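Okay, so here's the structure we're looking at.
We did not get these values from a lab; they are worked out from the coordinates using the rules stated. Remember, it's a predicted structure, so these values are computed and weren't measured experimentally. No Cβ is skipped: glycine too gets one built from the backbone with ideal geometry, and neighbour counts run over all protein chains shown.
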Amino acid sequence: MTGLVLAGGLSSRFGKDKSRVVVHDGAGDMVDFSLALLASVSGIRNIAVSCRPEQMKEFKNKNIRLIPDDENGRPTPLRGLIAALRCTKTPVLAIPCDLPLMTPNILSLLVQARAQRLAEQTKSALLRTTFIDQEGFIESLIGIYEPESLPFLEEALSREQWGIWSAVPEQGNCLVPRPDSPAFLNMNTPEEFTRAVSLLKKSNGR
């Protein structure tokens, strides 16, 4: 399985490239933190970063596998996920680069649920393993995507259907109840960055 950091967004609401923001002292920027996070999850054999082609130069110093999006079209996590599945030809555990409170234990819930689903005799092929909250919201950007999901994702991209959550047929989902945890806080805005820093300080007893 490949662990993939989705870092190709434009960070328009954040005001600057949030993948380069430092939240954890001594842990590097958010790409570094996310790579270390994935490397701590059992079952992941390789890790990579999905990025826009113009980001390749600035990420090269990280000495990690870089998977550029197709240059044609708007930047979108869907495009990055497709590029990774095409390139690795393995299941991909994808996370966005803006989850400063995420933990290996929570991501491991996906790995465990996937293994259980694959061990069961079911009529429908497994395409994606991801979290779902109590309101029915699917955390499509935090999930394991099987190589068999690629045609469905490519079809969604061809129709400019940017929402990954609806790209995969319902019967192909393995949905895991989302834990009630601040780990799912993502930093789309400076205000969310401030909140993440505050929560980290509290958890560290500062």
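Scan [x] 17.9; [y] 18.4; [z] 17.3 for the value of Kirkwood radius over Cα pairs in Å calculated from this model and give just the label. Only one listed value fits the structure, namely [z]. Over 28 Å apart at the Cα level, from the set 57/89; 62/89; 60/201; 18/57, are 60/201. Beta-bridge orientation, the chain: approximately 25 percent antiparallel, per DSSP, counting only bridges with both partners inside. Take 82-93, 165-176, 138-149 and order them by the average number of nearby Cβ atoms within 10 Å per residue, most first; the result is 138-149, 82-93, 165-176. Net charge in the neighbourhood of residue 130 (other residues with Cβ under 14 Å of its Cβ; Lys, Arg +1, Asp, Glu -1) is 0.
Given contacts defined as C-alpha pairs under 8 Å and at least six residues apart, what's the relative contact order of the chain, whole-number percent?
Numbers: 367 pairs, mean separation 47.3, N = 206.
Reported as a whole number, the value is 23 percent.
Can you sort 52, 65, 45, 114 by how many other beta carbons sit within 10 Å, fewest first?
Ordered by Cβ neighbours within 10 Å, fewest first: 45, 65, 52, 114.
For the range 50-65 versus the range 116-146, the inter-centroid distance based on Cα atoms is 29 Å. Residues whose amide H comes within less than 5 Å of that of residue 176, counting only those at least five positions distant or on another chain, are 130, 131, 132 (H built at 1.01 Å from N in the peptide plane).
Sequence-ordered 3J(HN,Hα) estimates for the range 162-174 from the Karplus curve with 6.51, -1.76 and 1.60 and θ = phi - 60° stand at 6, x, 5, 4, 9, 6, 9, x, 4, 5, x, 8, 10 Hz, glycine and proline given as x.
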